[in-house]
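Colleague: This structure is in structure tokens; I'll ask about it shortly.
The values are calculated or read from the model by the stated rules, or taken from the named source; none is laboratory data. None of the values given here were measured: they were computed from a predicted structure. Cβ coordinates were reconstructed from backbone atoms using ideal geometry, including for glycine residues, and neighbour counts include every protein chain displayed. Note: areas computed on protein heavy atoms with side chains; ligands, DNA, RNA excluded. Shrake-Rupley method; radii C 1.70, N 1.55, O 1.52, S 1.80 Å.
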Amino acid sequence: MCGKASKVAIAGVSSEVGKTTLLCQLLREFPGWEAIKMTRGHYRSCGKDRHACCVSHLLGDEPLVRSGFQQTYASDKDTGRYWDAGATNVHWVIVTNEQVERGIELALERVKAPGVLIEGNSFLHFIDVDFAVLVTGGVDTKIKSSTRWAFQKASAVYQFDQTNQTSPSETVELLNRKFGPVGLKRSLHPQPAARLGWTPVLPAYAASDFPKLLGRIKQIHSVRGHVLRNGPFATADGAGTNRIAIRLQGEQS
């Protein structure tokens, strides 16, 4: 079913920047959608022993995917917040670094809703989505290495910064400088970017711009549904939809 579902990624430059908050806001705006939480664990993730990590005891030779209310609801966990925000199903994927690709594939196979919101970064190295939001914090927010993949595939940057010391566009430029050639594609205006076959300049939103971000995601979802119903650009891997999404980004930037 997930071949027909819109896939929206919520990635972040680091922990505690507002990924789960944004995902829950979007769930409230998309009734009937599902959610996926990606958790990477390590047997010695805390530098002590196998049980030092909260998920280390769940790691095995194969990815673990837990689905449904009984297996994923806990009021103090992100997955519980997904349910409280209105998700129709929640899938929690627990993997090692080597299991990320298979884990996200297994979770997506379980999705039956018209759309799914996926929280995490590492899976973007292996799959394409219809829209990817990179959530950032303030100017002093630490940027983890997996941000490179998220930034490369990002459709927009969304900034939770209560201090207002840095504008969203300034944050994009900081990412440009940090990731070098990856960021060059994000620095061009739409016209020269289009001539080179690159994604146009990356849209950046503050938390106060949530309605604009929501409108863009709704448009991508609507276009995707239209393409799948009517073709002729519909493809099994969603490539036709991705091309239209990129075109829409260029028109609105």
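Colleague: Take the residues of segment 1-13 that are over 13 Å from the mean Cα position of the chain (by Cα) and in a loop (DSSP other than H, G, I, E, B): which is modelled with the highest pLDDT?
Modeller: Applying the filter and picking the extreme gives Ala5.
Let's see how each residue does on (1) open to solvent by 20 Å² or more (accessible area, probe 1.4 Å); (2) at pLDDT 95 or above; (3) farther than 22 Å from His221 by Cβ:
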{"residue": "Ser75", "(1), (2), (3)": "yes, no, yes"}
{"residue": "Trp83", "(1), (2), (3)": "yes, yes, no"}
{"residue": "Ala87", "(1), (2), (3)": "no, yes, no"}
{"residue": "Arg110", "(1), (2), (3)": "yes, yes, no"}
{"residue": "Ile118", "(1), (2), (3)": "no, yes, no"}
{"residue": "Phe123", "(1), (2), (3)": "no, no, no"}
